[in-house]
Structure formats: structure tokens, C-alpha cells
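Peer 1: Would you mind keeping the following structure in view while I ask a few things?
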Amino acid sequence: MLICPNMKYIITESQLNSKVYNKFLNMLVDKTEIFGGMYYEYNKYEYAAHIKYPYADNPYSLSFNNPESFTFTSPGRYNLKDWFLFIGIDMDESPKLCEELWNDYLDKLQVKIQDYIREYIDRKWE
């Protein structure tokens, strides 16, 4: 399958929980980068890293102690509106669909974040 960089992905409500929907979410998670782990005391956290979301210009923060104790920032509503328009969903017309998609993405992303933290902590002690 050939995908052009400017091509829009269009997800309809009938595709929720379908294979297309899950593949799309997996693609978003795969394209989310986590990098730059370092010791950096911030509030109650001892470490920091960066998260670069697909189709976002700037990296955001990830603070953590271990895989069960972490927090991260995400694009604001203004940025998400553009993000959803990129895939053919108007956030103002389909807020429920956007919320479901974003929450499902965050659920899958949480697993990737926890894996990154585990690997970072394991490397730190080697």
C-alpha cells in the first residue's frame, strides 16, 4: 500500500473498534517518540524524558520515578484540533469521536511509556 505524506486518514464512527481503527491507533503509538531520559528532580519525580507526538512540532515532558509513577504532558486542545483535522475529523462536529480516539490512544501510549521507563531504569543500573 502506498501512502503519500500529505494523505489524510479518515476514521468514521462505524470504524470504532475495527481493525482499521486499531491499526491507526497502533501507527500513532509507533510514531510517538520517547527520548532523552535523564536524572532531573521535578516535584516528586526523579527522572525526566521527552515525548514527541506524531504530527506535533514540539516535544512534551515525561516525568517519572518508575513504571507505576509517572506523569506526562500532551498537546493542548488547539493542537489536537489540528491533529484531528489531519485525519479528517472535525473536533467541533465530532467531540465524542475525538475523545474516544484520544483516550484509546493514551491507553495504548501508556504501555509504551511504561516499557520505556522499565528499559531506562534497567540500563541505569547496568
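The values are calculated or read from the model by the stated rules, or taken from the named source; none is laboratory data. Owing to the predicted nature of the structure, the values given are computational and were not obtained by experimental measurement. Reconstructed Cβ throughout: ideal geometry from the backbone, glycine too, with neighbour counts over all protein chains shown.
Peer 1: I need the full set of residues from region 37-52 which are surrounded by 13 or more Cβ atoms within 10 Å (Cβ to Cβ) and either among the hydrophobic types (A, V, I, L, M, F, W, C) or within 16 Å of the chain's Cα centre (by Cα) (or both), in order please. Steps first, answer last, please.
Peer 2: Filtering region 37-52 down to residues surrounded by 13 or more Cβ atoms within 10 Å (Cβ to Cβ) leaves 37, 40, 45-52.
Correct list: Ala48, Ala49, His50, Ile51, Lys52.
Peer 1: Same structure, new question: Could you list, in sequence order, the residues of region 33-70 that are of a type in the set (Ser, Thr, Tyr), farther than 21 Å from Asp122 by Cβ and in contact (Cβ under 8 Å) with a residue 24 or more places away in the chain? Before the answer, list the steps.
Peer 2: Restricting attention to region 33-70, the residues satisfying the condition of being of a type in the set (Ser, Thr, Tyr) are 39-40, 42, 45, 47, 53, 55, 60-61, 63, 69.
This time we only want the ones that are farther than 21 Å from Asp122 by Cβ, so: 42, 53, 55, 60-61.
Result: Tyr53, Tyr55.
Peer 1: Collect the residues in region 62-74 that are of a type in the set (S, T, N, Q), surrounded by 15 or more Cβ atoms within 10 Å (Cβ to Cβ) and not in a loop (DSSP other than H, G, I, E, B), keeping them in residue-number order.
Peer 2: Residue satisfying the conditions is Ser63 alone.
Peer 1: Same structure again: Does region 98-108 hold any residues that are in contact with a helix residue (DSSP H, G or I) (Cβ under 6 Å, 6 or more places away or on another chain) and either of a type outside the set (Asp, Glu) or loosely packed, with under 15 Cβ neighbours inside 10 Å (or both), and which are they?
Peer 2: Cys98, Tyr105, Lys108
Peer 1: Conditions first: (1) crowded, with 17+ Cβ neighbours inside 10 Å; (2) assigned to a loop (DSSP other than H, G, I, E, B). Asp57 passes all but one, so which condition is the exception?
Peer 2: Every listed condition holds for Asp57 apart from (1).
Peer 1: To continue, here is another question. Within region 1-36, count every residue that is assigned to a helix (DSSP H, G or I), modelled with pLDDT of 75 or more and surrounded by fewer than 16 Cβ atoms within 10 Å (Cβ to Cβ). Give the derivation first.
Peer 2: Looking only at region 1-36, we keep the residues that are assigned to a helix (DSSP H, G or I), and these are 13-15, 19-31.
Filter once more, so that each one left must be modelled with pLDDT of 75 or more: 22-31.
Next, only the ones that are surrounded by fewer than 16 Cβ atoms within 10 Å (Cβ to Cβ) stay: 22-23, 26-27, 30-31.
Qualifying residue count for the region: 6.
Peer 1: Name the residue, out of Ile89, Ile113, that is buried (at least 17 other Cβ atoms within 10 Å of the Cβ), touching a Leu at 6+ places or on another chain (Cβ under 7 Å) and modelled with pLDDT under 90. Don't jump to the end; show me each part of the working.
Peer 2: Numbers: Ile113 fails: modelled with pLDDT under 90.
Going through Ile89, Ile113 in turn, the sole match is Ile89.
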